[in-house]
Amino acid sequence: MSKISVFHSAKALQRATAGSKGLVGFVPTMGALHEGHLALVRRAQRECERVVVSIFVNPTQFGPGEDFERYPRDLKKDCELLASLGKPVDVFAPEAVEVYPSDFATRILVYGSLGRVLEAGLRPGHFDGVATVVARLFGLVRPDRAYFGLKDYQQFRVIERMTRDLGLPLELVPCATVREQDGLAMSSRNRYLSPAERSLAPGLYRALNATRVALGKGASAAAAEKIGRESLRRSGGFKLQYLSVADPMTLEPWKGTGRKGPKMVLAAAMLGSTRLIDNIKA
């Protein structure tokens, strides 16, 4: 077990990291850590002298009726998992007032297609909250590099664009989605699934792969999406919200034909009361 230093104050964290001679890596999370998060931390540890992991359930990215209140919170367990990695980690676990003081009066608005399609269309204001908290955390932690998993692909593109547009002085490092052996993308929300739902959950990944295979055989986006939707229907239990073949940068519907051009296949679906999202390159 390695030493885990927990900071609730940004000033205390800044004092601790100010003397770092090498790169400071940052992994922003909402806690409820799993192997996907730990993979990000391991990579940051390989590439940086010091690593900060934030644990903060951000209220501004949850919409009405979403799971802010029940989102899993267990700081002690999260710290134990980080300690098991065998290298020191700084944990930044602020209270909401530290991130959003009483006189906080700024919000970042996400425009363009990234702020309109797919997740943004279903969850109005969600990415405004994500962009605002990430920019705020970048300012409080002051990292040289920040590591993000690509399961939340649209989120990464939003943060990438925000970082570029605002000229923020750090490097973003995208990291591949970490999956369970049956293909289910790792997520803190997977713990909401009942045993029966968990057995069905890999159907979302199978639907993405069915779509990708169809595209590889020359199917149009519309035809491939239909195949993916049928695959998910056969899995049973899902209520599909979207399955889209999209441009990898704008996430607008893909306009190419056949095998030509880079593209992403993205999907979101409800399984019982649990919302699952996933994506793959095609």
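Laboratory data are not the source of any read-out in this text; all were calculated from the coordinates shown. Predicted model only: the values in this text are computed from it and were never measured. Every residue, glycine among them, receives a Cβ derived from its backbone with ideal geometry; neighbour counts consider all protein chains shown.
Would you mind calculating the gained length between L109 and F156 on full extension (0.36 nm times residue separation, minus the Cα-Cα distance), in nm to one decimal?
Residue separation times 0.36 nm, minus the Cα-Cα distance, leaves 15.4 nm.
So, by mean Cβ neighbours within 10 angstrom, what's the order for 25-33, 137-145 with the highest one leading?
Descending mean neighbour count gives 25-33, 137-145.
Using the Karplus equation 6.51 cos²θ - 1.76 cosθ + 1.60 (θ = phi - 60°), what ³J(HN,Hα) coupling, rounded to whole Hz, does each residue of segment 185-200 give in order, writing x for Gly and Pro?
My calculation for segment 185-200 gives 5, 5, 7, 4, 6, 4, 6, 6, 5, 6, x, 5, 5, 4, 5, 8 Hz in order.
Using only alpha carbon positions, build the gyration tensor of segment 77-129, then give the equivalent ellipsoid semi-axes as the square roots of 5 times its eigenvalues, largest first, whole angstrom.
So the equivalent ellipsoid measures 32, 19, 9 Å along its semi-axes.
How big is the equivalent ellipsoid of segment 102-174 along its three axes, where each semi-axis is √(5λ) from the Cα gyration tensor, reported in whole Å from largest to smallest?
19, 16, 10
So which lysines pass the test for K3, namely a Cα distance under 19 Å, with those fewer than 8 places away in the same chain ruled out?
K76, K77, K87
Consider just the alpha-carbon atoms of segment 7-75 and return their Rg together with their Dmax, both in angstrom.
Rg then Dmax for segment 7-75, in Å: 14.3, 45.
Roughly how many Å is it from the Cα centre of segment 88-114 to that of segment 242-276, as a whole number?
About 28 Å separates the Cα centre of segment 88-114 from the one of segment 242-276.
Which lysines have a Cα less than 25 Å from the Cα of K239, not counting those fewer than 8 places away in the same chain?
Partners within reach: K151, K226, K263, K281.
How would you rank 203-210, 61-68, 268-275, highest first, on the average number of other Cβ atoms within 10 Å across their residues?
Final packing ranking: 203-210, 268-275, 61-68.
Taking just the alpha carbons, could you work out the radius of gyration and Dmax for the chain, both in angstroms?
Taking only Cα atoms of the chain, I get Rg and Dmax of 19.3, 56 Å.
When you take every Cα atom in segment 1-118, what is the radius of gyration, and what is Dmax, the widest Cα pair distance, in Å?
Final numbers for Rg and Dmax: 15.8, 46 Å.
Kirkwood Rh over Cα pairs of segment 161-220 into Stokes-Einstein at 4 °C, 1.567 mPa s: D in µm²/s?
88
Taking K and R as +1 and D and E as -1, what net charge do the other residues with C-beta under 10 Å from the C-beta of M249 add up to?
Summing Lys and Arg as +1 and Asp and Glu as -1 gives -1.
Mean shadow of segment 197-282, computed from the convex hull of its alpha carbons, in nm²?
4.9
I'd like to compare 239-246, 120-127: which one has the highest average count of other Cβ atoms within 10 Å, and what's the full order after that?
Ranked by mean Cβ neighbours within 10 Å, highest first: 239-246, 120-127.
Run the quick spin-label model on S2 and D74: label points 7 Å from Cα toward the beta carbon, then report their separation in nm to one decimal.
According to this spin-label approximation, the distance is 2.2 nm.
Tally Lys/Arg at +1 and Asp/Glu at -1 over every other residue whose Cβ is under 12 Å from the Cβ of P88; what's the total?
My count for the surroundings of P88 gives +1.
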